[in-house]
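The structure appears below as structure tokens.
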Amino acid sequence: MQFYLTKAEVMKPIALSTILAGIALIGLTAFVGTSRPTLELSYTNDCQDSIDWQNRLEAEGFDVRAAQVSNLSLSEQQAMMITPAAMRDCKIGRVAGYSVIGEVPSGDIVTLLRRKPADVIALALDGPAQETVAIHYDGSVERRRSE
């Protein structure tokens with residue numbers, strides 16, 4: 001009976017796991033750059049659904065740093081104030097200098113990070129229309145064009 005593994009038997013699982021880890025790393029870094037984007041999420045204590053959105057973002061490749069807050073920071077308040085009232089939410093994220101208001105889909109955030117528009121301050125979810133809009137520094141709202 002053989003009680004030990006040969007070098008070839010030991011190396012096969014290691015090589016396979018290395019290959020799988022490499023493929024996973026390529027998948028994570030390919031969609032935005034060299035690392036997973038970090039979204040800093042602030043939400044108020046009455047915000048019941050923030051954990052679900054956080055979990056979806058993490059599953060889709062984001063690092064999320066969440067914090068329950070009693071008051072939003074000044075920059076978060078400014079982003080909310082420029083956002084049309086119907087699109088304001090109890091949670092706001094910050095990623096790469098942009099604000100993300102409400103449960104904006106991760107694909108829209110990735111598009112923002114790839115394009116890096118200089119005139120956009122935030123993305124927001126227009127709940128009734130179920131679409132993501134870009135909010136510019138002057139307060140104007142840009143809706144996605146049909147493709």
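If R0 is 25 Å, what FRET efficiency do you get for residue 58 and residue 116 from their C-beta distance, rounded to 0.05? Let's see the in-between values first.
On the way: r = 23 Å, r/R0 = 0.91.
E(calc), rounded to 0.05, equals 0.65.
Determine, from the Cβ-Cβ distance of residue 51 and residue 78 and an R0 of 35 Å, the FRET efficiency 1/(1 + (r/R0)^6), rounded to the nearest 0.05.
Details: r = 26 Å, r/R0 = 0.73.
The value I calculate is 0.85.
Stretch residue 40-residue 142 to full length: gain in nm at 0.36 nm per residue minus the Cα-Cα span? List each step's numbers first, then the result.
Details: separation 102, 0.36 × 102 = 36.72 nm, distance 2.37 nm.
Separation in residues times 0.36 nm, less the Cα-Cα distance, equals 34.3 nm.
Could you sort 120-128, 83-91 so that the peptide with the highest average Cβ count within 10 Å comes first and the rest follow in order?
Working: 120-128: 18.4, 83-91: 16.2.
With the highest mean Cβ count within 10 Å placed first, the list reads 120-128, 83-91.
Can you compute the modelled spin-label distance between residue 130 and residue 71, with each label point 7 Å from Cα toward Cβ, in nm?
3.8 nm
Values quoted throughout were computed directly from the atomic coordinates according to the rules given, and no laboratory measurement underlies them. If you're wondering where the values come from, they're calculated on a predicted model, not measured in any experiment. Virtual Cβ from ideal backbone geometry, glycine too; neighbours counted across all protein chains shown.
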